[in-house]
Amino acid sequence: MTFGCREQKHKEYRQKIISNYQPLYRELYTMNSSMFFVPSFHKAFSNPDKDQSIKDIISQPAPGVVTFDMLQPRFCEMLLSEVENFEKWVHETKFRIMRPNTMNKYGAVLDDFGLEGTLGKLMEEFVRHISKGTIQEQLAITKKTQTPFTFLTVLYKICAVYFADVGGFALDSHHGFVVEYGMDRDVELGFHVDDSEVTLNVCLGKQFTGGDLFFRGVRCEKHVNGPTYRDEIFDYSHSVGRAILHRGRHRHGARATTSGNRVNLLLWCRSSVFRELKKYKKDFLNFCGECQKEKEARLVHTMAAWKQRFCILLTRFIGSTTWPSLFFDPFEIKRRLLFWKLIVCLFDVIRGYLLVKEILLRLESLSDHEPGLFSPLLYIQVS
Ligand SMILES: O=C(O)CCC(=O)C(=O)O
Ligand SMILES: [Fe+2]
């Protein structure tokens, strides 16, 4: 079946559901910020200085993972009831529904029964704003600014926490669904990556124990099965209404829900621009931990090789012209040693200069900048 044909079939499937299913709460089907979100989240997004007020409500418990209080308890209850109502309708009408993805036997696709518009707004007005990063971070994804020094890579990762490096500013489609866990549902979720650039995951309830998320580093397709480093291990416990946002390529899974039922709202946010750009990026990917390690190793190796080659050339040059005088002039030995030390120093100065330049570049990208002077997408096309 061709892609267009599959898309048409899916449209018809959705249309069939929407024209037959009677929603329980009509108010869920249009975005209502003050009703959906807790006051801190709603206020942060109503503030004229949004960038700062959003930063103030966000925590970053691990590199590449941000969390914040998001949904009102009443909204969570309403959405849970709406999902239950939909499942009751599915059961009664014996309608064969599609599950959210190949990993879940339970759960429902919210987009399929009318919530596509609400979730689209959630992505465009809220998730995209959190994910976009500063204008410098957006521009930086197109520059070759990675560095051979590990601590700078760490600094870079902190700068890019808002997901500009995976096109967080250009999210343009989504897949919205709920997952359901418990003894009578899916129990756990295996180690995986999502088919998204940025994933929003919010716990809706109900009462449960267990069900922690575990994270094990961000990886591109090539390195997805590679090892995990100690600093990439991070576990997260869900609490009702609290959101967690991470890159889709951040390897993760959900531990067993040991009692009760857990239902989570998932929004896989995608960027067609990023996916297109990625096709043409042949070298190391900025967001992948393993690519960064390979890049560092290669640069360190290249630098060492240059140093060695230069030293050999110099030895040959000096040795061939003035070597005999060394035996007759004792001061010559001191002079030569000094000369060698100077050469080594010169290398260290060059390395130091590159390091400082890189730090300044990163710091510059951290500082606030007047956004909107030119479009980041335009910049991508130019570079
Ligand atoms: O159960 C969870 O909280 C995680 C679900 C998840 O990772 C997914 O559906 O992609
Ligand atoms: Fe996932």
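Only the coordinates and a few stated rules stand behind these numbers; no lab work does. Keep in mind that what you see is a predicted model, and the values were worked out from it rather than measured.
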**Item:** Stokes-Einstein D (µm²/s) once Rh is taken as the Kirkwood radius of region 10-66 over alpha-carbon pairs, at 10 °C in 1.306 mPa s
**Value:** 109
**Request:** Mind listing the long-range amide H neighbours of Ala108? Cut-off is under 5 Å, sequence gap 5 or more, other chains count too, H placed in the peptide plane at 1.01 Å from N.
**Result:** Val178
**Request:** Holding the Cα-Cα limit at 22 Å, pick out from Lys55/Lys121; Lys55/Lys132; Lys121/Lys278; Lys121/Lys279; Lys50/Lys279; Lys281/Lys357 the pairs that are longer than that.
**Result:** Lys121/Lys278; Lys121/Lys279; Lys50/Lys279; Lys281/Lys357
**Request:** Enumerate the amide H contacts of Lys206 below 5 Å, restricted to partners 5 or more residues apart or on another chain; note that Pro and chain-start residues carry no placed amide H.
**Result:** Asn261, Arg262, Val263
